[in-house]
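Chemist: Below is one structure. I have some questions about it.
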Amino acid sequence: MTAAARKAPELSFRSPTVDDGAAMYQLVKDSKVLEPNTRYAYLLLSTHFAGNCLLAEQDGEVVGCVAAYRPPSHPDAIFVWQIGVREDARGQGLAKRMLHALIDRPANADVRFLEATVDPGNEPSCRLFRAFAREQGVPCDVSPGFTPEHFGPAEHPPEDLHRIGPLRREP
Ligand SMILES: CC(C)(COP(=O)(O)OP(=O)(O)OC[C@H]1O[C@@H](n2cnc3c(N)ncnc32)[C@H](O)[C@@H]1OP(=O)(O)O)[C@@H](O)C(=O)NCCC(=O)NCCS
């Protein structure tokens, strides 16, 4: 083995299990950008929606996660609720790789559209979804998603809906 290969930290992708709910919560909380849901919500994601979610692990530590599900109203889509990469692992293409890996999960094999709502002020996030669409060679349509009024009295920026597809899937 070369010295470079010895040093390269092993990166792998997998679906979460019930034992990962707490780590997903922590990664979201530590992002300081994403709005953390309850710990219980991540347990539901890592069990009921495990096949639709993704974790990135490096040297046994969770360095990225995608919380996602198939919306019952339009099951040809996967909705990315939250995506986060640990601060020290950002800027290396990991989030993009996670999205490509996400649609390749067996439970997502028939997905035709990837959707997410994004705060238009979150440039890394806007660029991530545009870059994923570009690499898939498909359009990324942006339309109003949730408006500040939808969030009620709490101050909240808008969340624009990004709809990416139709994705080309293996026959
Ligand atoms: C958004 C986030 C997931 C991106 O993760 P990442 O692994 O650093 O992203 P990637 O390296 O895969 O980059 C994806 C694209 O976004 C761009 N990008 C990433 N970070 C950026 C930044 N800080 N500023 C501008 N562009 C950025 C990259 O240049 C790339 O585009 P390109 O292929 O056109 O060059 C990460 O910054 C993060 O966890 N942020 C906090 C949580 C968050 O905002 N999540 C998204 C809301 S749903």
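Chemist: Take segment 36-64 and flag every residue that is crowded, with 16+ Cβ neighbours inside 10 Å and either under 18 Å from E87 (Cβ atoms) or modelled with pLDDT under 95 (or both).
Modeler: Once the filter is applied, which keeps residues that are crowded, with 16+ Cβ neighbours inside 10 Å and either under 18 Å from E87 (Cβ atoms) or modelled with pLDDT under 95 (or both), segment 36-64 yields P36, L55, A56, E57, Q58, V62, V63, G64.
Chemist: Another question, then. So the check is Cβ under 8 Å with 6+ separation or different chains; which pairs have a first residue in segment 17-30 that's modelled with pLDDT of 95 or more and a second one that's basic (K, R)?
Modeler: G21/R39; A22/R39; Y25/R39; L27/R86; D30/R86
Chemist: Kindly list the number of the only condition in (1) touching a residue at least 40 places away in the same chain (Cβ under 8 Å); (2) over 17 Å from S12 (Cβ atoms) that fails for R97.
Modeler: Single failed check for R97: (2).
Chemist: In segment 133-165, what residues are within 18 Å of V33 (Cβ to Cβ) and within 16 Å of the ligand (Cβ to nearest atom)? Talk me through it step by step, then tell me what you get.
Modeler: Start the filter on segment 133-165 by keeping residues that are within 18 Å of V33 (Cβ to Cβ), which leaves 145-146, 148, 151, 154-160, 162.
Listed by number, the residues that qualify are G145, F146, F151, H156, P157, P158, E159, D160, H162.
Chemist: Being within 17 Å of R97 (Cβ to Cβ) and within 8 Å of the ligand (Cβ to nearest atom) is the filter here; which residues of segment 117-132 pass it? Don't jump to the end; show me each part of the working.
Modeler: Pass one, segment 117-132, residues within 17 Å of R97 (Cβ to Cβ): 124-125, 127-132.
Scanning segment 117-132 gives P124, S125, R127, L128, R130, A131, F132.
Chemist: If you don't mind, there's one more thing I want to ask. From the list D88, D59, D104, which one is within 21 Å of F13 (Cβ to Cβ), free of Cβ contacts under 8 Å to residues at least 40 places away in the same chain, acidic (D, E) and more than 15 Å from the ligand (Cβ to nearest atom)?
Modeler: The match here is D104.
Chemist: Please work out if H100 is closer than 27 Å to P166 by Cα and more than 13 Å from the chain's Cα centre (by Cα). Steps first, answer last, please.
Modeler: Details: closer than 27 Å to P166 by Cα: yes; more than 13 Å from the chain's Cα centre (by Cα): no.
Considered against the rule, which asks whether it is closer than 27 Å to P166 by Cα and more than 13 Å from the chain's Cα centre (by Cα), H100 comes out as no.
For (1) of a type in the set (A, V, I, L, M); (2) surrounded by 13 or more Cβ atoms within 10 Å (Cβ to Cβ); (3) part of a loop (DSSP other than H, G, I, E, B), each residue gets a yes or a no:
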{"position": "R134", "(1), (2), (3)": "no, yes, no"}
{"position": "V138", "(1), (2), (3)": "yes, yes, yes"}
{"position": "G145", "(1), (2), (3)": "no, yes, no"}
{"position": "H150", "(1), (2), (3)": "no, no, no"}
{"position": "P153", "(1), (2), (3)": "no, no, yes"}
{"position": "L161", "(1), (2), (3)": "yes, yes, no"}
{"position": "R168", "(1), (2), (3)": "no, no, yes"}
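Chemist: Do the conditions hold for V33, that is, is it within 16 Å of the ligand (Cβ to nearest atom) and crowded, with 17+ Cβ neighbours inside 10 Å?
Modeler: no
The values are calculated or read from the model by the stated rules, or taken from the named source; none is laboratory data. Here the structure is a predicted model, which means the values were calculated and not measured. Every residue, glycine among them, receives a Cβ derived from its backbone with ideal geometry; neighbour counts consider all protein chains shown.
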